[in-house]
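Structure first, then comments.
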Amino acid sequence: MTQTTDPHARLRELGLSLPSPPVALASYVPTVTVPLGDGRVQVSVSGQVAMRDGAPLHRGSVPDQVSLDDAVENARACALNLLAQLEQAVGLQNVERITQVTVYVRSADGFDRQPQVANGVSDLLADVLGERGRHTRAAVGVNALPLGVPVEASLTAVARPRA
Amino acid sequence: MTQTTDPHARLRELGLSLPSPPVALASYVPTVTVPLGDGRVQVSVSGQVAMRDGAPLHRGSVPDQVSLDDAVENARACALNLLAQLEQAVGLQNVERITQVTVYVRSADGFDRQPQVANGVSDLLADVLGERGRHTRAAVGVNALPLGVPVEASLTAVARPRA
Amino acid sequence: MTQTTDPHARLRELGLSLPSPPVALASYVPTVTVPLGDGRVQVSVSGQVAMRDGAPLHRGSVPDQVSLDDAVENARACALNLLAQLEQAVGLQNVERITQVTVYVRSADGFDRQPQVANGVSDLLADVLGERGRHTRAAVGVNALPLGVPVEASLTAVARPRA
């Protein structure tokens, strides 16, 4: 994998554009940025889900109600929202490293391929940010998620502050 | 939301008092505080559940066994425990920012209103700590939690060390 | 608990040896190490599961398909993998503190003893690393995990960089 030097150019190469970062409608916020000791910052991003026109892109558990392919597409949409939040908080070009990603996959009881779904998140982060987008990950199954969505993903990153 | 300057005064205004911070009874501990580079510290708080007189405040999944209202009340009790742990670890007045909160809601399979339950945690943290209490959040459903409780919540924060 | 000065000696005393750290086979990586401001580093370790000869050590939910005892054994194997990852990333002797551990236990709907399973992780970390291994923890139940395993565990730690 080559180091991506311009994540915005890479998004264009991939034929992708960032959505408007979803607004958090409660006492929580989409991102929190706190200083580390040497001028860099740690950024946390709230759990993101995939919406379209104000409704969930998909609803249901994988694979009985949402197919594996649709779940991967959904996971990619979550990743685009994560990137949109990072863009708004610090600017993608200032991200030094995605540190941790947690991917929750709404799963039928017997389903055990959460890693394939979560790769929809991981692959897109690495495609756009290169080595800086390669992260640690926990991918787990859950029986229920907000709005009935099949995937929710959150992350932490380290960045230079926006110049 | 106005900036709360004294979280203890704010707790009194809300008619709340902090419980004794629950003791962890195993090889894990309620809080870990590690230095950041510039004299500040990062505080992690273990997953908190709501107990009363040594037994769970509620038991069961939401909403079939525990109502949505009771789940929100339970979430607020978890938040009070989180605050009690922060008070003991660093003192609430030294908290600079709650960074990340994870709320696990024990959910019946069809339940999709985890955000409303999690707002019981988020709203109380913001009520007591003001802007400093506004955090990123992941709210997810799970099919089982320790002791059968309906809600478990953990967090990380950044603080000045206790003077 | 006495402070362990040499975690490798402690592993030998316990009759344990570290496995080869599992390789992540996707766009994510087993560990990410980022500098803190004062020469120390934060290490994140991806969710670890217990494998033997390329297959899951156990498969199923606790306690109906995997007994409580087997789940604890499985959790200890996850902890050994976490330690193996830390050894490879920074060296166990350089770990200053395990900060946060999350343990996901694949649970039958009525199961509420996730803490006992998670103690398999927590006890081993504390046995090997002493006070430095005592961490904050969230232990939760889930209905499904990758490869059908009963336990997945991830962590973050603070370390001195490898000399």
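The values are calculated or read from the model by the stated rules, or taken from the named source; none is laboratory data. Because the structure is predicted, anything quoted here is derived from the model rather than measured. For neighbour counting, all protein chains shown are included, and Cβ atoms are generated from backbone atoms with ideal geometry for every residue, glycine included.
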Which number in (1) in contact with a His (Cβ under 9 Å, 6 or more places away or on another chain); (2) free of Cβ contacts under 8 Å to residues at least 40 places away in the same chain marks the one condition that A:Val101 misses? (2)
Answer from A:Gly54, A:Gly37 - the residue that is touching an Asp or Glu at 6+ places or on another chain (Cβ under 8 Å) and surrounded by fewer than 18 Cβ atoms within 10 Å (Cβ to Cβ): A:Gly37
Test result for A:Leu155, under 11 Å from the mean Cα position of the chain (by Cα) and either of a type outside the set (Phe, Trp, Tyr) or at the interface with another protein chain (Cβ under 7 Å from one of its Cβ atoms) (or both): yes
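Do we find that A:Arg12 is away from chain B (no Cβ under 14 Å), at pLDDT below 95 and either assigned to a strand (DSSP E or B) or farther than 30 Å from B:Val95 by Cβ (or both) in this structure?
yes
Considering only residues that are at the interface with chain A (Cβ under 7 Å from one of its Cβ atoms) and in contact with a strand residue (DSSP E or B) (Cβ under 8 Å, 6 or more places away or on another chain), which ones fall in segment B:126-152?
Start the filter on segment B:126-152 by keeping residues that are at the interface with chain A (Cβ under 7 Å from one of its Cβ atoms), which leaves B:126, B:134-143.
Passing the criteria: B:Arg134, B:His135, B:Thr136, B:Arg137, B:Ala138, B:Ala139, B:Val140, B:Gly141, B:Val142, B:Asn143.
Listed here are the residues, each with its yes/no results for (1) over 20 Å from B:Ala139 (Cα atoms); (2) crowded, with 20+ Cβ neighbours inside 10 Å.
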{"site": "B:Gln88", "(1), (2)": "yes, no"}
{"site": "B:Glu96", "(1), (2)": "yes, no"}
{"site": "B:Val101", "(1), (2)": "no, yes"}
{"site": "B:Tyr104", "(1), (2)": "no, yes"}
{"site": "B:Asp109", "(1), (2)": "no, no"}
{"site": "B:Gln114", "(1), (2)": "no, yes"}
{"site": "B:Asn119", "(1), (2)": "no, yes"}
{"site": "B:Asp123", "(1), (2)": "no, no"}
{"site": "B:Ala126", "(1), (2)": "no, yes"}
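Considering each of B:Gln114, B:Gln85, B:Gln65, B:Gln100 in turn, give the residue that is of a type outside the set (Asp, Glu), away from chain A (no Cβ under 12 Å) and either under 30 Å from A:Leu86 (Cβ atoms) or in contact with a Lys or Arg (Cβ under 7 Å, 6 or more places away or on another chain) (or both). I'd like the intermediate steps shown before the answer.
Values: B:Gln114 fails: away from chain A (no Cβ under 12 Å); B:Gln65 fails: either under 30 Å from A:Leu86 (Cβ atoms) or in contact with a Lys or Arg (Cβ under 7 Å, 6 or more places away or on another chain) (or both); B:Gln100 fails: away from chain A (no Cβ under 12 Å).
Going through B:Gln114, B:Gln85, B:Gln65, B:Gln100 in turn, just one is of a type outside the set (Asp, Glu), away from chain A (no Cβ under 12 Å) and either under 30 Å from A:Leu86 (Cβ atoms) or in contact with a Lys or Arg (Cβ under 7 Å, 6 or more places away or on another chain) (or both): B:Gln85.
Every residue in segment C:67-76 that is under 10 Å from the mean Cα position of the chain (by Cα) and either crowded, with 24+ Cβ neighbours inside 10 Å or without any contact (Cβ under 8 Å) to a residue 40 or more places away in the chain (or both), please.
Here is the first cut: in segment C:67-76, the residues under 10 Å from the mean Cα position of the chain (by Cα) are C:75-76.
Correct list: C:Ala75 only.
Only one residue in B:Val62, B:Val142 is at pLDDT 95 or above, of a type outside the set (Phe, Trp, Tyr) and in contact with a helix residue (DSSP H, G or I) (Cβ under 6 Å, 6 or more places away or on another chain). Which one? Explain how you work it out, then say what you get.
Values: B:Val142 fails: in contact with a helix residue (DSSP H, G or I) (Cβ under 6 Å, 6 or more places away or on another chain).
Just one listed residue meets the conditions, B:Val62.
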Any residue in segment C:121-142 that is in contact (Cβ under 8 Å) with a residue 40 or more places away in the chain and under 28 Å from B:Asp64 (Cβ atoms)? no
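Out of C:Ala71, C:Ala55, report the one residue that is closer than 17 Å to C:Ala139 by Cβ and at pLDDT 90 or above. If you could, list the steps in order and put the result at the bottom.
Details: C:Ala55 fails: closer than 17 Å to C:Ala139 by Cβ.
Only one candidate qualifies: C:Ala71.
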Name the pairs: first residue in segment C:6-33 and loosely packed, with under 12 Cβ neighbours inside 10 Å, second residue in a loop (DSSP other than H, G, I, E, B), Cβ to Cβ under 6 Å, at least 6 apart or on different chains? none
